[in-house]
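Down below is the structure, laid out as structure tokens.
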Amino acid sequence: MKIKIEFINADLTRINAALNRIEQAAISARDNLPLRNAMDYIDLLTANIISQKYMPAPGGYHDRYDKWKKQQNVGMEYWLLGRDLINSLSVFGHEGGWIGGVPDDAYESKTKSWLRPMGSAVGKKKKIKMYGWANEGLRPIFKPTKEEYKQGGMVKRGKDVIDVFAMNWR
């Protein structure tokens, strides 16, 4: 027994056109979605730093460092590092894709040392990511923001792609 399927040419043309549109949308998502996710993550990270969203309870600083930080960052909050952290955040290529964070070549704007009097720091400028390595465990901002983005922004981006597929199927 053979099964025979017949298509009306107009329907077949419409189905093929829809499949081609969906294929192009999938290629676009593959090429653009990682970059969009990285950009969204940086936007959320910046907002969380400015709002101090994940700031732990006070008292995590050494007394001398706390005094120095208050002198350095007049009117600035927890993670701002004299604005060096926010200014260093960017989207950059990584292992064939995109990542949002602090690139390897981002350095502090001026040499800082809380062991020396104000304005007398000597030595090389330090990489901004060094602060992250040293402090993420004690004063996390990157990991909680990543989890927040995975639960919200990344899901929304995925739904947007599905909506584009549905729109192109029509």
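The numbers here are math on the coordinates, done by the rules we state, and not lab data. For clarity, every value in this text was computed on a predicted model and none was experimentally measured. Every residue, glycine among them, receives a Cβ derived from its backbone with ideal geometry; neighbour counts consider all protein chains shown.
So which of 67/129; 110/159; 110/143 end up more than 32 Å apart, counting from Cα to Cα?
On the way: 67/129 23 Å; 110/159 43 Å; 110/143 27 Å.
Over 32 Å Cα-Cα: 110/159.
Would you kindly state how much longer the chain becomes between residue 55 and residue 86 on full extension, computed as 0.36 nm times their sequence separation minus their alpha carbon distance, in nm to one decimal? Working shown, then result.
Working: separation 31, 0.36 × 31 = 11.16 nm, distance 1.55 nm.
Roughly 9.6 nm would be gained on extension.
Which FRET efficiency, nearest 0.05, do residue 46 and residue 166 yield, Cβ-Cβ r, R0 41 Å?
0.80
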